[in-house]
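Structure, as structure tokens:
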Amino acid sequence: MASIHKRSGVWHVYYRQNGKRIRYSLETRNESVAKDKLKKIEYELMTGRHIRPQKTLLIDFLKDFLVHLENSISYRHYRNRRSHLRATFGDILPELVDHAPGTRGAKPLSMALNKTTISCQYLEDISPAVLSRYLGGAIAQLGTNLIQSCKGNTACHVRIRDPRP
């Protein structure tokens, strides 16, 4: 009914459900653990209780998280946390996006300020590589903003020194 195979050192389960082939990782490198999980999956398939792991939509997660924050912390702290979420996920969740002042909804504030945002559809898609790209882009944007603000400003002198020998 179901079988397990090792791919890149990690065990995956394969089975057919309603004529459709399904494969997903068991998230283990240990064969005996994989066999135990296989037995559990086969039992659940026979009894009709097996529910395949599904990805969580990032929008749904953020909405639930905002409700949780609103009910568990003070309004001041909620606004602060929400502003951090807006800067990071503003392009994903319309409820977080504030519009640039005086534009009547023309452009989201994050786009108006050319901020880098994380744009993933699923919570599980946020990996270390995605975070690294986001942080790298955010740091590059901060550097660009610093250079732009210093141009033509005689009071602002930024000098990069060579390391001392």
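The values are calculated or read from the model by the stated rules, or taken from the named source; none is laboratory data. Here the structure is a predicted model, which means the values were calculated and not measured. Quick reminder, even Gly has a Cβ in these numbers, built from the backbone with ideal geometry, and neighbours come from all protein chains shown.
Go through segment 33-84 residue by residue and tally those that are β-branched (Val, Ile, Thr) and farther than 28 Å from TRP11 by Cα.
Here is the first cut: in segment 33-84, the residues β-branched (Val, Ile, Thr) are 33, 41, 47, 51, 56, 59, 67, 73.
Okay, now just the ones that are also farther than 28 Å from TRP11 by Cα, so 59, 67, 73.
Qualifying residue count for the region: 3.
Condition check for GLY105 on (1) loosely packed, with under 15 Cβ neighbours inside 10 Å; (2) out of contact with any strand residue (DSSP E or B) (no Cβ under 6 Å at 6 or more places or on another chain); (3) at pLDDT below 85: one failure, at (2). Only one of the numbered conditions (1) closer than 30 Å to ALA140 by Cα; (2) among the β-branched types (Val, Ile, Thr); (3) at pLDDT below 75 is not met by ILE59, and that is (3).
Suppose the filter is in a helix (DSSP H, G or I) and under 17 Å from VAL13 (Cα atoms); does ALA87 pass it?
Details: in a helix (DSSP H, G or I): yes; under 17 Å from VAL13 (Cα atoms): no.
Judged against the criteria, ALA87 is not a match.
Counted as qualifying within segment 1-80 are the strands (runs of 3 or more DSSP E) with 2 or more residues that are surrounded by 11 or more Cβ atoms within 10 Å (Cβ to Cβ) and among the hydroxyl-bearing types (Ser, Thr, Tyr), namely 10-17, 20-25.
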